[in-house]
Amino acid sequence: MAIDLSTNQKKALRRAAANSDYHLLLGAGASRDAVARDGSKLPTGPELATLLSDQFKVPIEEGDLLWRVYARAVEDAGERAVYDWLKSRFWGVTPPGWMDVYARAPWASVWTLNVDDVFEQAYARVRSDVSRSLVTVNWDDEFRQSHDLAVVHLHGCVDRDAMRHLIFSLSQYAGSAVAQAAWPLNFRDTYGVSPFVIIGARLRDEPDIETVIANRTPTHEAPSFYVSPNISSAVERDLHAWNLVPVRMTAEEFAEAWPELTEINLKKAPTRREEVAFRIGRQFRELRIDSVRKASRDHDFIGGDEPEWIDIRNGLNADLDWIRQASSDCRQLGRTARVNSAMIYVGNRLTGRSTGLLAISKALRKLSWRTYLYVGDERPDVEAIIQFAANGQAIALLFDSVADIADDVASILSLARNASLQIVCVAVDQVDRSANILGRLDEAYLLRNRVTTINTHLTNTDAAHLVDKLQSIGRLGILELERKDARRRSHFRGRELFDAMAQLENAPGFGRRVRELVDAISDLDHIRVLFLAALASRFDCRFHAVDAARMVGMESDSLVRLVRDYPPISSVLKTDGTWIRPRQRWMALDACVERLGSRDALATLGTAMNNVAPRLGRSSHRERNATSLLVAAFMTYKNVVSVFPEADLDQWYGGLSGTFGDWSARYWEQRAIMNRHAGKSMPEAWARAESFALRAVSIVRDSYSLTTLGTVLLAKAAFGPGVDVGQYYDRAIDAYEDASEANPKNLVTWLAFLRHALNVLAPDGRSLRPLPEEVTERMRDDWTRIHSQSLIAAGASEDVKGELAVLKRRFEKLTRAPSTLG
């Protein structure tokens with residue numbers, strides 16, 4: 001059977017396959033021809049029903065379905081006996097040879113409705129030492145995303161002696177739906193926005209899966225396929241309505257067609273280079289000078305839209321001072337600058353960080369480096385990166401936000417230096433995350449042993465380059481009327497980049513008319529989506545379409561179509577099908593809060609966090625998935641209070657307790673921090689702050705929870721009524737030292753100590769409080785020692801050294817001033 005696809009579909013298919021965007025869903029038909037350990041073929045559904053009847057001596061009648069016979073067997077023999085028998089028949093099987101084609105293909109994830117290990121065994125047969133690791137997942141396991149290949153058994157699997165929860169009967173289908181388990185929910189959401197290949201699944205026999213497929217319409221530009229030799233005309237009609245391409249083939253026949261469709265040779269083992277390239281393609285996008293992709297019609301970089309590679313490739317950016325210096329540093333790589341280094345630049349929002357990152361990529365491309373932008377939703381695949389660079393090619397890895405994965409960058413550079421590979425890592429981030437970066441990335445790996453700070457205000461040279469660039473492309477706006485270059489430059493000189501550009505044309509991307517755009521949206525649910533997207537942008541987080549849909553109770557495919565096609569919302573949001581981005585960055589945030597009302601907006605945030613909780617867990621936190629980082633930002637007290645300064649946040653945090661209280665140390669840390677702030681005006685809050693901080697430590701004892709505990713104890717020593725200052729100080733310093741032992745390089749821990757210890761010495765900020773002399777002397781000695789150590793550790797960052805200098809001046813002013821000791 002010929003598979004009829006348009007030219008655009010074929011291009012999208014090949015692109016998606018190469019980037020590991022496709023998901024594979026296997027039904028019973030995919031296990032045909034597999035052989036059990038006893039040499040028998042795996043049974044079909046009706047055959048398994050007969051075998052269950054014979055093995056457990058339960059009745060079977062004509063027309064009985066598998067789930068009914070399974071239920072009888074469990075009722076008579078017990079779930080344990082049935083599970084053990086299934087394990088003996090369905091685990092450790094021998095897959096047919098044609099399954100190797102599917103095992104070699106670069107899938108995003110593999111989903112299966114079968115309890116057997118047909119795919120796992122095929123993968124074990126074809127994998128090499130550079131293949132992705134495979135992890136078998138039961139439907140009720142904790143959700144996690146990593147660079148491993150997950151094989152998710154949506155109806156359970158029999159992979160271990162400890163009994164798994166299986167789904168065979170209608171009651172179990174219902175139980176699975178009621179449980180709202182993470183993996184079935186994630187399948188539902190992923191199906192809406194990602195391309196799928198569905199093989200051998202009889203939808204009418206799988207009510208939970210049919211519900212998903214019949215009620216979702218995939219939005220990805222790459223086509224999704226339903227493969228079965230038995231597709232009736234009625235089913236074909238349904239498949240077209242569901243935006244699926246029907247393919248009347250067996251799984252074996254489609255194994256012949258899939259390599260041709262993808263233009264990937266899957267009939268023989270890939271070379272090591274090819275296999276590693278697939279792994280890299282999952283997490284990075286190569287930025288090529290010769291790319292043929294064009295900018296979308298509604299994209300306007302000069303008009304304030306976030307930069308895209310095509311903007312920089314076409315020369316629309318001006319080379320500001322820091323970009324020109326970075327480009328100069330690129331030319332010195334391998335000469336006066338070490339190749340295996342990290343070039344890190346930090347700056348405030350809207351200083352052109354992302355533009356500069358792409359401009360540095362362009363400079364490196366001109367120097368024959370291959371440049372790759374990190375787009376992954378988990379920690380970088382360090383092993384694959386090192387393997388990829390092993391052929392001697394000069395590789396530049398670009399990271400737009402690096403603090404959360406700076407330890408992985410350190411691992412990459414360490415391994416690259418040991419193997420004499422040519423890898424450079426270029427990254428930008430917020431200036432206030434400098435200490436976090438230095439805590440994970442030793443200055444020995446930094447180019448010229450420093451983190452470079454981007455100027456907040458434009459220099460005269462910056463102004464000249466901006467004027468020249470805007471004049472060359474005819475986008476001077478109101479400055480067109482000013483004929484003298486000096487006057488034009490004065491518009492930019494000494495000002496912030498975004499603000500100066502915003503006044504030229506009043507383009508939509510600068511958010512000057514954002515209230516009008518928000519007012520044009522009549523549906524409050526759409527306002528809520530925009531509110532959450534703007535909030536994510538405000539906190540410098542990525543916003544996954546699946547998360548957005550889950551947070552507001554929409555289907556992911558419906559939300560993507562809404563953002564793409566519905567003008568009121570598409571005027572303020574955009575999507576590539578995977579990520580949701582506000583067109584005006586966070587400029588719509590205030591307008592959304594006003595439309596919703598502060599109370600409703602805060603409630604929306606709490607509901608969103610509770611709704612997305614199934615995609616969270618300790619595993620996702622360790623992998624630093626986008627969802628985990630987003631919810632952490634939404635939960636952070638400093639962030640929440642900046643948007644809702646008058647709200648009752650104690651009640652709001654209480655509303656999250658049922659979702660996060662049992663497992664999230666970060667949740668209890670933020671509640672502790674909130675009560676620490678409240679303690680100055682509400683003395684009863686001090687006890688709660690201490691208790692919450694101790695709860696965080698009891699859940700996860702790490703540098704974060706221990707630092708929070710130390711800070712709360714110091715604050716209580718400084719401001720708490722009737723406390724033994726010496727005792728609380730000793731407990732605090734113990735907590736900080738334990739935090740430092742857990743993570744010796746964590747500058748954030750000791751910066752927190754230096755700030756809050758000053759309050760213990762002088763709660764009024766002006767003079768030393770009356771304390772026992774030995775306590776005061778101990779605090780002075782500790783403070784001086786820790787400050788000196790921190791200054792050495794912060795040597796790579798001018799910003800952190802500047803903060804330390806400010807703290808030192810405060811300390812010296814306090815300790816030299818006349819005290820109130822009496």
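How high is the relative contact order of region 664-822, in percent, counting Cα pairs under 8 Å that sit 6 or more residues apart? Walk me through the intermediate numbers first.
Working: 200 pairs, mean separation 29.4, N = 159.
Relative contact order of region 664-822: 18 percent.
Give me the dipole magnitude in Debye, nearest 20, for the chain about the Cα centre, with unit charges on the beta carbon: positive for Lys and Arg, negative for Asp and Glu.
3020
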Under the rule of at least 5 residues apart or a separate chain, name every residue whose amide H is placed under 5 Å from the amide H of residue 398. 372, 373, 374, 426
Can you give me the relative contact order of region 282-453 as a percent, contacts being Cα pairs under 8 Å and 6 or more apart? 30
Between 779, 78, 461, whose Cα lies farthest towards the positive end of the dipole of the chain when Lys and Arg beta carbons carry +1 and Asp and Glu beta carbons carry -1, centred on the Cα centre? 461
Given the chain, what percent of its DSSP beta bridges are antiparallel, to the nearest 5? 15
For region 458-470, just list the computed ³J(HN,Hα) in residue order, Karplus coefficients 6.51, -1.76 and 1.60, θ = phi - 60°, integers in Hz, with x standing in for Gly and Pro. 6, 7, 5, 5, 4, 4, 5, 5, 5, 4, 4, 5, 5
Rounded to the nearest Å, the spacing of the alpha-carbon centers of region 1-76 and region 400-439 is 45
Around residue 372, with a cut-off of 13 angstrom between Cβ atoms, what is the net charge of the other residues, counting Lys and Arg +1 and Asp and Glu -1? +3
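Over region 363-471, what is the relative contact order in whole percent, taking alpha-carbon pairs under 8 Å and six or more residues apart?
Values: 108 pairs, mean separation 26.1, N = 109.
For region 363-471, the relative contact order is 24 percent.
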Residue-by-residue Karplus 3J(HN,Hα) for region 391-404, coefficients 6.51, -1.76, 1.60, Hz, glycine and proline x: 7, x, 5, 6, 10, 10, 9, 10, 10, 8, 4, 10, 4, 6
With unit charges on the beta carbon (Lys/Arg positive, Asp/Glu negative), name the residue among 128, 46, 115 whose Cα is farthest towards the positive pole of the charge dipole of region 33-156. 128
Against the longest principal axis of the chain, how steep is helix 7-18, in degrees 0 to 90 to the nearest 10, with axes from Cα atoms? 70
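What ranking, highest mean first, results for peptides 659-668, 218-227 when packing means the other Cβ atoms within 10 Å averaged over each residue?
Working: 659-668: 19.6, 218-227: 22.5.
Top of the packing list down: 218-227, 659-668.
For region 345-490, what is the charge dipole size about the Cα centre, in debye to the nearest 20, if Lys and Arg each add +1 at the Cβ and Asp and Glu each add -1 at the Cβ? If you can, show how the numbers build up before the last one.
Details: 19 positive and 17 negative charges, 182 e Å.
In total the dipole reaches around 880 debye.
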Which distance in Å, rounded to a whole number, links the C-alpha centroids of region 637-687 and region 715-787? 23
Set Lys and Arg Cβ to +1 and Asp and Glu Cβ to -1, take the dipole of region 514-660 about its Cα centre, and tell me which of 602, 629, 522 lies farthest positive. 629
Quick one: net charge of residue 524's neighbours, Cβ under 12 Å, K/R +1, D/E -1? -1
Nearest 500 deg cm²/dmol is fine: what mean residue ellipticity at 222 nm does the chain get from its DSSP H runs of n ≥ 4 alone, each adding -39,500 (n - 2.57), divided by its residue count? -16000 deg cm²/dmol
Output ordering of 36-46, 307-317, 543-553 (per-residue mean of other Cβ within 10 Å, highest first) is 543-553, 307-317, 36-46
Non-local amide H neighbours of residue 446 (under 5 Å, H modeled in plane, Pro and chain starts lacking H): which ones? 342
Measuring from the longest principal axis of the C-alpha atoms of the chain, the long axis of helix 321-332 (C-alpha) lies at a number of degrees, nearest 10, equal to 70
Burial ranking of peptide ranges 736-749, 6-19, 181-194 (average Cβ count within 10 Å, highest at the top): 181-194, 736-749, 6-19
With everything on Cα atoms, drop me the angle between helix 556-565 and the longest principal axis of the chain, reported from 0 to 90° to the nearest 10. 60
Compute and list, largest first, the equivalent-ellipsoid semi-axes of region 664-822 from the alpha carbon gyration tensor, each √(5λ) rounded to a whole angstrom. 23, 21, 13
Rounding to the nearest 20 debye, state how big the charge dipole of region 514-660 is about its Cα centre with +1 on each Lys and Arg Cβ and -1 on each Asp and Glu Cβ. 560
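Can you give the net charge of the other residues whose Cβ lies under 11 Å from the Cβ of residue 591, counting K and R as +1 and D and E as -1?
Numbers: positive: 513, 515, 595; negative: 516, 519, 590, 594.
Net of charged neighbours comes to -1.
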Could you tell me how far the Cα centroid of region 462-523 sits from the Cα centroid of region 309-377, in Å? 24
For residue 117, other-chain or 5+-apart residues with amide H closer than 5 Å (H placed, Pro excluded) are 92, 93
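Read-outs throughout are calculated quantities, based only on the coordinates presented, and are distinct from any laboratory measurement. Here the structure is a predicted model, which is why all the values come from computation and not from measurement. Positions of Cβ are backbone-derived with ideal geometry, glycine not excepted, and every protein chain shown enters the neighbour counts.
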